[in-house]
Amino acid sequence: QVQLVESGGGLVQPGGSLRLSCAVSGSITSIYALGWYRQAPGKQRELVADINSGGRTNYAQSVKGRFTISRDNAKNTVFLQMNSLNAEDTAVYYCVAGGVRTVSTPTILRTFWGQGTQVTVSS
């Protein structure tokens, strides 16, 4: 069983910073991509940023220059450093692991999602 556990969400004032973490655990052989999505009330879930096993990153235009994604391959952990936060960043943030091979299904690439962590930007 693969689990993703997110942490680091909360309430922050406009202009502030937060750092999200997501630890992936289970009988994992490899993970190709780790990323973060977010979903604001009444809106569709959208990609925030992702990073592949080689370290190549991809960001939504709205967060470029403010957010930084990184990963620790040895610990199967992904981070999202969020700076200069504004009200439009308020959402539930979901961690995702893609292209995951597990011990029990080594030839199948699977995707797993975390439960989500709330980020609220408000004064």
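The values are calculated or read from the model by the stated rules, or taken from the named source; none is laboratory data. These numbers were taken from a predicted model, which means no experiment stands behind them. Positions of Cβ are generated from backbone atoms using ideal geometry, with glycine treated the same way; all protein chains shown enter the neighbour counts. For accessibility, only protein heavy atoms count, side chains too; no ligands or nucleic acids. Shrake-Rupley method; radii C 1.70, N 1.55, O 1.52, S 1.80 Å.
Surface exposure of the chain, expressed per residue as accessible area with a 1.4 Å probe, stands at 54 Å². Springs between Cα atoms under 10 Å define the GNM used for the chain, and in it the highest mean-square fluctuation of Ala49, Ala74, Ala97 occurs at Ala74.
When only C-alpha pairs under 8 Å and at least 6 residues apart count, what is the relative contact order of the chain, in percent?
Numbers: 312 pairs, mean separation 43.9, N = 123.
RCO, the chain: 36 percent.
For the range 83-123, the alpha-carbon radius of gyration amounts to 1.73 times the rule-of-thumb value 2.2 N^0.38 Å expected for a compact globular protein. For the range 1-118, a simple Cβ point-charge model (Lys and Arg +1, Asp and Glu -1, everything else neutral) yields a dipole of about 180 debye relative to the Cα centre. For the options Gln39, Gln61, Gln13, a Gaussian network treatment of the chain with springs between C-alpha atoms closer than 10 Å singles out Gln61 as fluctuating the most.
For the chain, which whole percent of the accessible surface, found with a 1.4 angstrom probe, sits on carbon and sulfur atoms?
47
If both residues of a DSSP beta bridge must be in the chain, then about 95% of such bridges are antiparallel.
Using the Cα atoms of the chain to build a convex hull, what is its mean projected area in square nanometres? List each step's numbers first, then the result.
Values: hull surface 28.9 nm².
Orientation-averaged projected area of the Cα hull: 7.2 nm².
Taking Lys and Arg as +1 and Asp and Glu as -1, the other residues whose beta-carbon sits under 14 Å from that of Gln115 total +1. Debye calculation, C-alpha points only, no solvent: report log10 I(q)/I(0) for the range 22-92 at q = 0.12, 0.17, 0.20 Å⁻¹, in the same order as the q values. Log10 I(q)/I(0), no solvent term: -0.34, -0.65, -0.85. Seen from Glu46, the other residues with C-beta closer than 13 Å to its C-beta sum to a net charge of 0, counting Lys and Arg as +1 and Asp and Glu as -1.
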